[in-house]
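Everything below concerns the one structure shown next.
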Amino acid sequence: MKILFGIVLGIVLLVVLLLLTALLRTLLTPGKVSGYKAPAEDERALEYAKLLSEMVKCDTTSHDGEHNPEKYAEFHKVLERLFPAVHEKLEKTNIDGNLLFYWKGRSSEKPLVLMSHQDVVPAEGEWIHPPFSGEIADGKVWGRGTSDTKCSVMGFFAAVEELLKEGFTPPMDVYLSSSCTEEWAGDGCPKLVAELKRRGVKPYLVCDEGGGIITDPIGGINGNFAMVGVFEKGKADIKLTARSNGGHASAPKANSPIARLSAFVQDVEKNKPFRRKMLPEVQSMFETLAPYASFPLKFVFGNMWLFKPVLLKVMPMLSAQAGAMLQTTIAFTMQSGSDAYNVMPQEATLGANMRFIPHQGMEESLDIVRKLAKKYDLDLDVMHASDPSKSVDIHGAGFRLVEQTIAQTFAGLPVSPYVMTGATDARHYQDICDCVVRFAPVIYGPEQMAGMHGLNENIEYNCLPGCVDFYKNLIKHMGS
């Protein structure tokens, strides 16, 4: 009994010692505040707002599987009118509506690619300002595409336009890349990458959308933070099908198609079949944000050596976004069955979207779902699937260059790596580039985050000068 008591006491003392060590570390870590805010709107900001407004007025809505280059020809005319020097002095290539501009630098050793897409998602519902009006009101530009992502297209076109008018020659070759199929994962960007491959171009750095200057990125961490996406999860659309002989609903048989699909969903939701892991990039994000957090979060995030196992368990319950950075996810999105209330279906289907994490990629994650589907006598069809992208080296020179450019452009803005749980065109560039970052240099507050792919999309235009300056500074420092 004394031995058992001694063991228990030893464990308690060890836990107390560890907690005291973590507390001391937290108390000795100076708290920080994100002090960056975009300057007040001025004439320069308004001029950029007007450029973005003209771009938004051109409807570039894309639909899954739609190939309509003629639609984008009108948008290209708008770009030519707004940015004449770019079109006069850069080499332009149009591949089925997808654009590639080449600006020859003093060297071709470390090319830079600035990219973002032309197309936008459909605009449905009742808007405060019509979705393709491009209205400028209340300090914002309103309309579909303002934040996703004609803002960054405007930003790098305006940056190059201004540098050209100054007579500037970039230290390295610069490419401006913009597809028109990003919103439905079409073949636009792959065509542009294939063209660069044909030319033998291997970019040193690619900067696309994905991350951004995010306001209050995690509950308890307030202010603006440059969240730089360093990789994105893989994804798949899958269809599960349950079959039977059907029959009349007045005499239902057990294990009907819908019942089996429901049991499958319940199993997945309850038992969480995917393995959680704290990847180095995710841990770095939490540790970077820790000094800016409220004390409880600072205590936990700043002592990952102690609390990592706890975070792996509780994080998905605290934040769906943060939880998705730890594991493969599956979301059930579509369902069909009988066409009549009193008819048992001969076939019922369930659609789901999966997002794969690198430590449990496409094949392993699909195999887990396939085995579960077999348990409930379901057929699984994979409609589309792709593995996670490669991660940027967060300690490498390319990422440091982006950090330095952000620091130069946005004084007082903290920088953190970030994992993209969505998908962008950037993943296609990993075949020819080792440093593909996802960062749109504009501020996304809660209103802007809600508006992307939703109602009343807008951007506060006082952040647009910073967007242009970031691209100008990045271009200038590519040779350093």
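The values are calculated or read from the model by the stated rules, or taken from the named source; none is laboratory data. Treat the numbers as computed from the prediction; the structure is a model and nothing was measured. Ideal geometry is used to build each Cβ from the backbone, glycine not excepted, and the neighbour counts take in all protein chains shown. Remember, those area values only see protein heavy atoms, side chains included, never the ligands or the DNA or RNA. Shrake-Rupley method; radii C 1.70, N 1.55, O 1.52, S 1.80 Å.
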Over all directions, average the projected area of the Cα convex hull of the stretch 397-440 and note it in nm².
-> 3.6 nm²
For the stretch 142-163 and the stretch 318-335, what is the separation of their Cα centres, given in Å?
-> 31 Å
Please give the contour-minus-distance gain from Leu18 to Ala407: 0.36 nm per residue of separation, less the Cα-Cα distance, rounded to one decimal in nm.
-> 136.5 nm
Cut-off 14 Å, label 7 Å out along Cα→Cβ of Gln321, residues of the stretch 186-217 by amide N = 210-217
When ranked by the protection proxy of mean other Cβ atoms within 10 Å per residue, highest first, what sequence do the peptides 217-227, 342-352 form?
-> 217-227, 342-352
The stretch 1-136 - accessible surface per residue (Å², probe 1.4 Å) | 59 Å²
Here the stretch 175-251 gives, from Cα atoms, an Rg and Dmax in Å of 22.0, 68
Output the relative contact order of the stretch 10-141, whole-number percent, from Cα pairs under 8 angstrom with separation of 6+ residues.
-> 32 percent
For the stretch 76-162, compute the number of Lys pairs whose alpha carbons are separated by less than 17 Å, excluding pairs fewer than 8 positions apart on the same chain.
-> 6
Accessible area per residue in Å² at 1.4 Å probe, computed on the stretch 247-387 | 53 Å²
Counting DSSP beta bridges with both partners in the chain, what percentage is antiparallel, nearest 5?
-> 70 percent
Stretched out fully, how many nm does the piece from Ala249 to Ala450 gain, at 0.36 nm a residue minus the Cα gap?
-> 68.1 nm
Could you grab the relative contact order for the chain? Cα pairs under 8 Å, six or more apart, rounded to a whole percent.
-> 26 percent
Rank by packing, highest mean first: peptides 461-469, 169-177, with packing defined as the count of other Cβ atoms within 10 Å averaged across residues.
-> 461-469, 169-177
Roughly speaking, to the nearest percent, how much of the chain's 1.4 Å accessible area is carbon and sulfur?
-> 55 percent
List the DSSP H helices in the chain whose Cα atoms stretch 24 Å or more along the helix axis and whose mean Kyte-Doolittle hydropathy is at least -1.0.
-> 2-28
Arranged from highest to lowest average of other beta-carbon atoms within 10 Å per residue, in what order do the peptides 376-387, 254-265, 187-198 appear?
-> 187-198, 254-265, 376-387
For the chain, restrict the atom set to alpha-carbon positions and state the Rg and Dmax in Å.
-> 25.2, 88
